[in-house]
1. In the set Lys111, Lys74, which member is among the basic types (Lys, Arg), without any contact (Cβ under 8 Å) to a residue 40 or more places away in the chain and within 18 Å of Ala19 (Cα to Cα)?
2. Is there any pair with a first residue in region 23-43 that is more than 10 Å from Arg131 (Cα to Cα) and a second that is of a type in the set (A, V, I, L, M, F, W, C) whose Cβ atoms are under 6 Å apart and which are 6 or more apart or on different chains, and what are they?
3. Scan region 146-189 residue by residue and report those that are among the β-branched types (Val, Ile, Thr) and touching a Gly at 6+ places or on another chain (Cβ under 9 Å).
4. Would you check if there is a residue in region 121-142 being in a helix (DSSP H, G or I) and either touching a residue at least 24 places away in the same chain (Cβ under 8 Å) or not basic (Lys, Arg) (or both)?
5. Of the numbered conditions (1) over 25 Å from Pro77 (Cβ atoms); (2) within 15 Å of the chain's Cα centre (by Cα); (3) surrounded by 16 or more Cβ atoms within 10 Å (Cβ to Cβ); (4) modelled with pLDDT of 95 or more, Val112 satisfies every one except a single condition; which is it?
6. Please find, among Tyr177, Tyr146, the residue that is among the hydroxyl-bearing types (Ser, Thr, Tyr) and either outside any strand (DSSP E or B) or touching a Cys at 6+ places or on another chain (Cβ under 8 Å) (or both).
7. Anything in region 130-189 that is within 14 Å of Leu17 (Cβ to Cβ) and of a type in the set (Phe, Trp, Tyr)? List them, or say none.
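The values are calculated or read from the model by the stated rules, or taken from the named source; none is laboratory data. All values derive from a computational prediction rather than experimental measurement. Because the Cβ atoms are built from the backbone with ideal geometry, glycine has one as well, and the counts that use them run over all protein chains shown.
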Amino acid sequence: MNANARVKRFKVRLVFLRALQVDPYPGDNNTKLPLEQRMYLGEDGKTLVLPSANLMSFLTAENTKSAPKVIYGKASPTILRGFATYVSISPMLIPLLDGHTPIQFNGFNEKVHVSRDVARLKGGIPNPKERVTIEPPLAIEFELMYAENEQANENQLRETFDKGGRLVGLGTHRPVYGQFKIDQWDEIA
């Protein structure tokens, strides 16, 4: 990285257009977590959160449909590396908001419920799934830091969130779930 590269910080707010489904990976394919553990909770054990790692995966994953792969096609490997190297997102655990209020998990209800679907594996083999679903209104707010670089420019970063919010989304079973739009993208002085 150029020692004179300009670093910019942005306050970002994303508003979900569709419900968000989450299904944290327990560490192996044989462990089945209780439903109450199939969501991301903050350090208080009550606040629903989305790990910033999920947003970084949205920007940088090479083994799944990350937003740059969908938007930029063959040019995506360079952009993925640029985002992985020159973008950071904080906090590590981003509270899920109903308006501007963090959502607390106090049991399943109309806002936070379990969806039961059947996914299809290779060869059409049915794979029943139970996933925690969080209904809109729903938003997240975080700080994004970007360092100017030759692999991925600032316009591509904004475009990735803008287009990727619809085409890819966040969470699991996307883009059927997890579609979002940018509600705020303000540079922090």
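1. Working: Lys74 fails: within 18 Å of Ala19 (Cα to Cα).
Unique residue meeting the criteria: Lys111.
2. Pro26/Leu33; Tyr40/Val49; Gly42/Val49; Gly42/Leu93
3. Initial filter on region 146-189 (among the β-branched types (Val, Ile, Thr)): 160, 168, 172, 176, 182, 188.
Matches in region 146-189: Val168, Thr172, Val176, Ile182.
4. Pass one, region 121-142, residues in a helix (DSSP H, G or I): 122-124.
Okay, now just the ones that are also either touching a residue at least 24 places away in the same chain (Cβ under 8 Å) or not basic (Lys, Arg) (or both), so 123-124.
The answer is yes; a qualifying residue exists.
5. If we test Val112 against (1) over 25 Å from Pro77 (Cβ atoms); (2) within 15 Å of the chain's Cα centre (by Cα); (3) surrounded by 16 or more Cβ atoms within 10 Å (Cβ to Cβ); (4) modelled with pLDDT of 95 or more, just (2) comes out false.
6. On the way: Tyr146 fails: either outside any strand (DSSP E or B) or touching a Cys at 6+ places or on another chain (Cβ under 8 Å) (or both).
Within the list Tyr177, Tyr146, the selection yields Tyr177.
7. Phe161, Tyr177, Phe180 - these are the residues of region 130-189 that are within 14 Å of Leu17 (Cβ to Cβ) and of a type in the set (Phe, Trp, Tyr).
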